[in-house]
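Asker: Quick one: this structure, given as C-alpha cells, is what I'll be asking you about.
The values are calculated or read from the model by the stated rules, or taken from the named source; none is laboratory data. Just so you know, these numbers come straight off a predicted model, no measurement behind them. Backbone-built Cβ (ideal geometry, glycine too); neighbour counts: all protein chains shown.
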Amino acid sequence: MSWYITVAVWLAKAYRRAYERKWSFLGIALLAFFGSVTLLGAYDLLPDAAPVKAAPVVTLAASAIALASTTPEVVVEEPVRIEIPAIQLTASISNPTTTNVDVLDQKLLSGAVRYPTSAKLGETGNVVLFGHSSYLPIVGNQAFKTFNGIQKLVAGDVVTVYSSGTAYTYRVRTMMKESANDAGINLAVTGRVLTLSTCNSFGTKSDRFVVTADFVESHPTST
C-alpha cells in the first residue's frame, strides 16, 4: 500500500514541477521545432507543397464558333411538279436553261415550264411558271390544258410546288386578267413569290391570266 502512495506523491510532484516550468518547456519545444525546420530546409529535405490545380479554361472549338456565326444555308431547288387542289390541277414542270422561244414552246408540250431567269424554289424572288390552257374539245393533248382553270383561283387558295424532296406551299394573293400586250411579269419582287401565267385561249393569245401567290412554308416530302 505504501508503494502506491509513494508513486502517487512522486507523480504529483512531477506534475507540479512541469506546470511551474510550462513556459520553459514551450520555449524549448518551439526552439527545437523551428531549428529542425531550418535544418531540413537547408538540406532540401522538406516535402514539396501539393500543386494547386488551376480551374479548367473552357474554350469553344473553332468549328463551333464558325457554326454559331454563320446563317442557315439556303437550299435552292428546281420545281418538278405543281398541285392546286381547288381546281384539281396536277402538272409536271420543266426547267429549261435558255429563253429561246422554240425551246420553251417545245417544253410546253409536256406540261408547265419555269421561266429560266426567274427564281428557283427556296430563294428570294419570283418563281414564274407558265403553261398552256385550252377548252376546245378537239384538243387531245393534255399539255395544252396544263393551266386550265387557274382563272378560277381566289385569294387564300393553296398552291403546292414540289422539288425532288421538298413541298413548298403558297397561298393565292391575286388573280388578274391582263392584255397579252402588257409588260412582262416583274421578276424583281420582295420576299418569295410564285406567279402562274397562261393565255386565256389556246392559239389566240389576246389576254392572259396571272395568279400571284405568297410563300407560306416548306417541308420535306416522304420518299
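Asker: Specify the residue that is farthest from Pro85 (Cα to Cα); the eligible residues are those in segment 145-192 that are small (Gly, Ala, Ser) and assigned to a strand (DSSP E or B).
Answerer: Among those residues, the one meeting the criterion is Ser179.
Asker: Answer with yes or no whether Thr90 is in a strand (DSSP E or B), out of contact with any Leu (no Cβ under 9 Å at 6 or more places or on another chain) and surrounded by fewer than 20 Cβ atoms within 10 Å (Cβ to Cβ).
Answerer: Yes; evaluated as a whole, the condition is true for this residue.
Asker: Among the candidates Ala119, Ala143, single out the residue that is at pLDDT below 95 and in the same structural domain as Gly184 (by TED's automatic domain parsing).
Answerer: Within the list Ala119, Ala143, the selection yields Ala143.
Asker: May I ask you to verify whether Leu136 is in contact (Cβ under 8 Å) with a residue 40 or more places away in the chain, out of contact with any strand residue (DSSP E or B) (no Cβ under 8 Å at 6 or more places or on another chain) and either part of a loop (DSSP other than H, G, I, E, B) or surrounded by 15 or more Cβ atoms within 10 Å (Cβ to Cβ) (or both)?
Answerer: yes
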